[in-house]
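To start, the structure under review is shown below, and the notes come after it.
Bear in mind these aren't lab numbers, they're just calculated from the coordinates by the rules spelled out. This structure is a prediction, so every number in the text was calculated from the model and none was measured. We place every Cβ from the backbone using ideal geometry, glycine too, and count neighbours over all the protein chains shown.
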Amino acid sequence: MNRERGFTTLTVTLMLVSILVSVSVFIGKALVSEKRIALNEIEYRVAYAAAEKGVAEAIAMLKVDATASSASGTVNSSAAQASYSVTMTSNATTAGVTDILSVATLPGGGETRVSMQVAETSILNPDNSGPAAPIIINGTAPLNGNITIVANPNGSGTGVPVSIWSKDAVNIGGSALTCGQHEYKNGGCTTSNAYSYKQGASSVIGADIVANDPGFPSDMFDYVFGEPDSAAAWEHITAKQPPLSVVALIRY
């Protein structure tokens, strides 16, 4: 009888040990799998961030040089590292559109791709290289309060700054003043370096303010956008924006 009890006890003990071992192995595998999933998620995020960085870098390059065709770099973090390679090619079907493809690669072979189409277009009047002055007023311009206007350094020709362009008179009051870009960036605008400002009871109007101009455009909308002001013109300007799509292709 004692032998049978001993055998039963041993059998039950072995079964319990086997169950505990199986549970431990299962928990261990689950923990390892969870850790791998977390690591893969981190690597994916780093790779995607690298691909997006490549796209942003390509757009910045195209703004400076429209003929740029490639870019590359790396993204490092404490958890993962990814390298990216970007190609910029002209779209085969739409003129003026550039296709950007950024491919980010992980050391283990994982890969993320982000593609985008970009284009630069202008809705401004091609006969004018942008507004001549920061402030253009079709009427009288009473400038009061605390306002600083930085002149367009080439508003009336190379090296001829223009701050305000008005059809009628311009009056400066309060703490309003105008100055050049250099002065604004280096210490700020004051009455000692300003072009135009308020001095005592009178206003000092410099050559940067063009007032009572007989050549002021009769149609400001036409001057800025190159079309007479109308509902049809608004629709035409809106239609100038190309219907581009932004597509992200992910593969990991």
For segment 127-199 and segment 84-113, what is the separation of their C-alpha centers, rounded to whole Å? 44
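For segment 142-198, just say rounded, prolate or oblate: build the C-alpha gyration tensor, square-root its eigenvalues into a ≥ b ≥ c, call rounded for a/c under 1.5, and beyond that prolate if a/b exceeds b/c, oblate if not.
Because a/c hits 1.5 or more and a/b fails to exceed b/c, segment 142-198 counts as oblate.
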Taking the Cβ of Asp222 as the center, what net charge do the other residues with Cβ under 13 Å away carry, scoring Lys and Arg +1 and Asp and Glu -1? -4
What distance in nm separates the two pseudo spin-label positions at Glu120 and Ala95, each 7 Å out from Cα along the beta-carbon direction? 1.8
Ranked Val12, Val55, criterion: other C-beta atoms within 10 Å, fewest first: Val12, Val55
Charge dipole of segment 6-119 about the Cα centre (unit charges at C-beta), most positive-ward option of Gly110, Val46, Val12: Val12
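If the chain between Asn193 and Met220 were fully stretched, how many nm would it gain, using 0.36 nm times the residue separation less the Cα-Cα distance?
Working it through step by step, the gained length comes to 6.6 nm.
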Cα gyration tensor shape of segment 135-240, rounded if a/c is under 1.5, else prolate or oblate by comparing a/b with b/c: prolate
Summed residue charge, Cβ within 14 Å of Gly206's Cβ, Lys/Arg positive, Asp/Glu negative: -1
What is the spread of the Cα atoms of segment 6-119 along each of their three principal axes, largest first, in whole Å? 88, 31, 16
Per the C-alpha gyration tensor (a ≥ b ≥ c, the square roots of its eigenvalues), segment 67-144 is rounded if a/c is under 1.5, else prolate if a/b beats b/c, else oblate; here it's oblate
Looking at segment 42-195 from every direction and averaging, what is the projected area of its Cα convex hull in nm²? 14.5
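Counting Lys +1, Arg +1, Asp -1, Glu -1, what net charge surrounds Asp127 among other residues with beta carbon under 15 Å of its beta carbon? Spell out each step's value before the answer.
On the way: positive: none; negative: Asp219, Asp222, Glu227.
Every neighbour counted, the sum reads -3.
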